[in-house]
Structures are given as C-alpha cells and as structure tokens.
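Laboratory data are not the source of any read-out in this text; all were calculated from the coordinates shown. All of these numbers come straight from a predicted model, not from anything done at the bench. Cβ placement follows ideal geometry from the backbone for every residue including glycine, while neighbour counts extend to all protein chains displayed.
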Amino acid sequence: MSIRLLNVIFVLSLAVMALAQSVEIGYPKAGKKIHPGKKLTVQIVQPDSIIGSWTIGIAIGIQSCADVPGCQPPTQVMGTVLYNGPFTPKPHPTMPYYQNFTVTIPSGFTKGPAHLNVAYAALWGAAAYPYIQTLNETLTVV
C-alpha cells in the first residue's frame, strides 16, 4: 500500500474510534425551557463499544447566550460549571449506557438562550490515547 492510502486508513480509524467512544446528551432536548433556581436532569449517553477505554471524568456547564451574539463553543467556554466529576454510566435494558445528573440552574441566571455544555475526557486503547470531547445543547432560560 502507498503511504497516502495508509494515512487515509489511519485517519478513518481514528474517526471510527471517536464515534465509538463518544458521548451524547440524551436529555434535555434542544429548545427545552428551564428555570433559574430549579433542578434539571441531564442524561449523558455512552453508546456501547468494543474499543477499550477508561473514563477520566465529565463536566457539565451552562453558558448564557443572551448578552452576546451567539454562544462561544464549549471548546473555549464551559460557562458556569454545574457538575465536575466521575462519569460511570450503567447499562439499561432499553437503552445504551447512560448516567443521569441532577444539577441546579443558578438563581438569577440570565433569561434567554443558553448552551448546556458537556466536556468528556477518556483514555483509549492499549496505548491510553487521551481523548477530550465537547458538545452542547441549546436551551431557553425563562
């Protein structure tokens, strides 16, 4: 095989590993209306995978988008951190692995659009390759 083809195969295998080991926000769904001072359940889903990994942890934050033209991406700003710690998803009969976190939206949080941000960190495979994923869901604070 040519070097170029090997490079393409390597990049594709990394992409497949990333998809296999990634997490998703199961709940809340985009557009959910939330209230300052109230509790919110955040469900983080981790699809089953055959690739070995060790979870380092997870952080959940909320960032107001009301005062700026669009939110910053979670790779740059997590906002107010609502949870930072272990992520130990368990299997469930009707769903892949997931864990629910109950967080409280800060009292006095700015009303309007907001991003619920998640940062997930893990080590992959036999070489313990470090992996960090960020994602978000747009919510409305009312």
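General observations
- Each residue of the range 34-47 is assigned a 3J(HN,Hα), and the resulting list reads 10, 10, x, x, 9, 7, 9, 8, 10, 9, 10, 9, 10, x Hz, derived from the Karplus form 6.51 cos²θ - 1.76 cosθ + 1.60 (θ = phi - 60°), x at Gly and Pro.
- Backbone N within the range 51-66 under 19 Å of label point (7 Å from Ala126 Cα along the Cβ vector): 51-54
- Phi-derived couplings, Karplus 6.51 cos²θ - 1.76 cosθ + 1.60 at θ = phi - 60°, listed residue by residue for the range 56-63: 8, x, 9, 10, 10, x, 10, 10 Hz, with x used for Gly and Pro.
- Between Asn84 and Phe101, residue separation times 0.36 nm minus the direct Cα-Cα distance comes to 5.1 nm.
- The ellipsoid equivalent to the alpha-carbon distribution of the range 20-141 has semi-axes of 27, 16, 11 angstrom, derived from the gyration tensor eigenvalues as √(5λ) and listed largest first.
- Residues of the range 105-142 falling in the label zone of Ile56, defined by backbone nitrogen less than 17 Å from a point 7 Å along Cα to beta-carbon, are 118-135.
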